[in-house]
Amino acid sequence: MHLTIKAPDWIAELLARSPKVFQTPEDRMRLVIELARENVTRQTGGPFGAGVFDADGRLVAAGVNIVARSNCSILHAEMVAIALAQKNLGRYDISDNGKSDYELVASTEPCAMCFGAIPWSGVTQLVCGARDEDARRIGFDEGPKLPNWPEALEERGIQVSRDVLRQEAVDVLEYYVKTGGTIYNARGGQAE
C-alpha cells in the first residue's frame, strides 16, 4: 500500500511562468494566493495555497489543498508543500538540522494539524496571509489550537509573520464560498 501525492497539473504550468526568485515576503505570498485562487477556479481543491522557499527566495515546493480530490484529510496545502519539499530536498528535516533556513508561506494561518507539523518539518519561518478566524468565518473547522500558537512556534525557533496580504487571501476564501466550494469537515468539533 502507498500514498501518492499528486498536485494538479496546472501548477507546473503556473510555475513555469513565474519568476525563479521571489524577493520579498509579499512576492512569495502573491504566488501562494495565486495558487489558492487557481485551485478554486479550476475546481481542483480548497481555497488554500502554500510554498516552501529557500533563504534566497527560490521556491522549493508548492502545495494546494487537495483534500476532497484525493479523499485524504491530511492533504492541506501546507502539508503538501512540506511533503514535496522534503522529497525534493531528500530529507525529512528541511533545514538539514539547522544548517539552512527555509520559509513556509501559507495563504491562511495553519489549522491544528498543520500547526503540529510545522516544528517537525524543519522550516525556520512561517508567513501567513488570512487569519484562522477568516477560515472559520466561512465554515472551516480549524481544530483546537493553542491561543498563543505564534509564540509557541517562536519559542521553538520558528519566526512567524502574520497578515501578509491578508485581504487578498481573504478574497480567495470568499471567492470559494461564492462559487459553491465544499466546506468539508465543518463539524466545529461536534460529532455528526
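Amide H contacts under 5 Å for Ile94: Gly122, Val123, restricted to partners 5 or more places along the chain or on a different chain, H placed in the peptide plane at 1.01 Å from N.
Only alpha carbons enter this Debye calculation for region 23-177, each as an equal point scatterer, and the log10 of I(q)/I(0) it gives at q = 0.10, 0.17, 0.19 Å⁻¹ is -0.29, -0.90, -1.15.
What do you get for trypsin sites (Lys or Arg not before Pro) in region 13-53 restricted to DSSP loop and a cutoff of at most 16 other Cβ within 10 Å of the site's Cβ?
Details: sites: Arg17, Lys20, Arg28, Arg30, Arg37, Arg42; in loops: Arg17, Lys20, Arg42.
Qualifying residues, ordered by number: Arg17, Lys20, Arg42.
Approximating the spin labels as points 7 Å out from Cα along Cα→Cβ, the Glu13-to-Ile74 distance works out to 3.1 nm. If the chain linking Met113 and Asp93 were pulled fully straight, counting 0.36 nm for each residue of separation and taking away their Cα-Cα distance, it would gain 5.4 nm.
Among DSSP beta bridges lying fully in the chain, give the percent that are antiparallel, nearest 5.
Working: 11 of 19 bridges.
Percentage antiparallel, nearest 5: 60.
Each residue in Phe115, Phe48 was given a count of other beta-carbon atoms within 10 angstrom of its own, and listing them fewest first yields Phe115, Phe48. Report note on the peptides 168-177, 67-76: ranked by the mean count of other C-beta atoms within 10 Å, highest first, their order is 168-177, 67-76.
Taking the Cβ-Cβ separation of Gln167 and Thr24 as r and a Förster radius of 22 Å, what is the calculated FRET efficiency to the nearest 0.05? Spell out each step's value before the answer.
On the way: r = 17 Å, r/R0 = 0.78.
That pair, Gln167 with Thr24, gives E of 0.80.
The simple spin-label model puts a point 7 Å past each Cα toward its Cβ; for Ile5 and Ala55 those points are separated by 2.4 nm. Residues whose amide H falls under 5 Å from that of Val160, counting only those 5 or more places apart or on a different chain, are Leu126, with hydrogens built in the peptide plane.
Label reach from Gln159 (point 7 Å along Cα→C-beta): in region 85-111, amide nitrogens under 20 Å belong to 94-110.
Read-outs throughout are calculated quantities, based only on the coordinates presented, and are distinct from any laboratory measurement. Quick caveat, the model's predicted, so the values are computed rather than measured. Note that we place each Cβ from the backbone using ideal geometry, even for glycine, and neighbour counts take in every protein chain shown.
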